[in-house]
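J.: Shown below is the structure under consideration.
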Amino acid sequence: MQARYPNMHVWPRRALESCFLEPSLIAAVMVSAGQDVSIDEVSDWLLEKAHPLREDVLAQLVEQELARRVPPPDVPESGDRYQKMAGHLKSYADVNLARAEAVDAVVVDQRSRLEARWSNDWAILVDPKPLIAQLAGGIRPIFKNGPAIMSALVTRAREDLDVRPASLEALRLRLAELLGSERA
């Protein structure tokens, strides 16, 4: 799609906050806040705190795979509005039954796939907000909550290219390129 739509930017992670879950950036903020921590310690901590979120990720992967394997029905083309509604609901009943029958097999398959990719892809897959909240809790009293630590991470990423996450730098360069091409 990027080849077809050159101005499209594909976000490399789940959410903007996910890009701030970079151990080097977090360690730099923690050290500047007076905590003696290494990048490896932050990496281990993030992986440990992300572990309980795996079931949430698995549930989402299962739902996506069920929708792929048993797609939603088409809306019936004939009949009045209510006949179409009834036909659509009956078709969805069949889809839901088929999905229900496939759940156990899909869970086993997706759990195996998730296990294989977890250590490399956890930051792409998890909702970053719970991790950021836990991170803030680990650096108290300096950062009282998630927004406070996010502000510190954003500020440090803006000011220090050495710890700026690559995905944010790529976005910055892309935006600069687009703004430059619009001015020309």
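J.: Tell me, what is the percent relative contact order of the chain, built from C-alpha pairs under 8 Å that lie six or more residues apart? Each step should come with its number before you reach the end.
T.: Details: 146 pairs, mean separation 59.8, N = 184.
Rounded, it is 32 percent for the chain.
J.: Dipole of the stretch 16-183 (Lys/Arg Cβ +1, Asp/Glu Cβ -1, origin at the Cα centre): which of 78, 59, 122 lies farthest to the positive side?
T.: Going by the charge dipole, the pick is 78.
J.: Next question, about the same structure. Cut-off is 10 Å between beta-carbons; in what order do 131, 161, 178 appear when sorted fewest neighbours first? Kindly include the intermediate steps, with their values, before the conclusion.
T.: Working: 131 23, 161 8, 178 13.
Lowest count first: 161, 178, 131.
J.: Taking the chain as the reference, fit the longest principal axis to its C-alpha atoms, fit the long axis of helix 23-32 to the helix C-alpha atoms, and give the angle between the two in degrees, 0 to 90, nearest 10.
T.: So the helix axis and the longest Cα principal axis differ by about 40 degrees.
J.: If you bin the C-alpha pair distances of the stretch 12-52 every 5 Å from 0, what whole percents do you get?
T.: 5, 24, 25, 26, 14, 5, 0
J.: If you don't mind, another one. Please state the Cα pair-distance histogram of the stretch 16-183 with 10 angstrom bins from zero: what percent is in each bin?
T.: Whole-percent P(r) values from 0 Å outward: 9, 26, 22, 18, 16, 7, 1, 0.
J.: If I model the stretch 90-184 as equal point scatterers sitting on the Cα atoms and use the Debye formula, what is log10 I(q)/I(0) at q = 0.17, 0.25 Å⁻¹?
T.: -0.92, -1.23
J.: OK, next. Take the alpha-carbon centre of the stretch 1-73, take the same for the stretch 145-162, and report the distance between them in whole Å.
T.: First find each Cα centre; the distance between them is then 17 Å.
J.: Taking the Cα centre of the chain as the origin, how large is its charge dipole in debye, to the nearest 20, when only Lys and Arg (+1) and Asp and Glu (-1) carry charge on their Cβ atoms? Provide the component values of the computation, followed by the final result.
T.: Values: 23 positive and 27 negative charges, 111 e Å.
So the dipole magnitude of the chain works out to roughly 540 debye.
J.: Same structure again: Show that you can apply the helix-only estimate: for the chain, add -39,500 (n - 2.57) for every DSSP H stretch of four or more residues, divide by all residues, and state [θ] at 222 nm to the nearest 500.
T.: Values: 7 runs with 126 residues, N = 184.
Mean residue ellipticity at 222 nm (helix-derived): -23000 deg cm²/dmol.
J.: Using R₀ = 30 Å, calculate the FRET efficiency as 1/(1 + (r/R₀)^6) where r is the Cβ-Cβ separation of residue 148 and residue 111; round to 0.05.
T.: On the way: r = 36 Å, r/R0 = 1.19.
Efficiency for this residue pair is about 0.25.
J.: Using a simple spin-label model with points 7 Å from Cα along the Cα→Cβ vector, what separation in nm is obtained for residue 166 and residue 54?
T.: 2.5 nm
Since every read-out is calculated from the coordinates, none of them should be taken as a lab result. Given the structure is predicted, the values throughout are model-derived calculations rather than measurements. We place every Cβ from the backbone using ideal geometry, glycine too, and count neighbours over all the protein chains shown.
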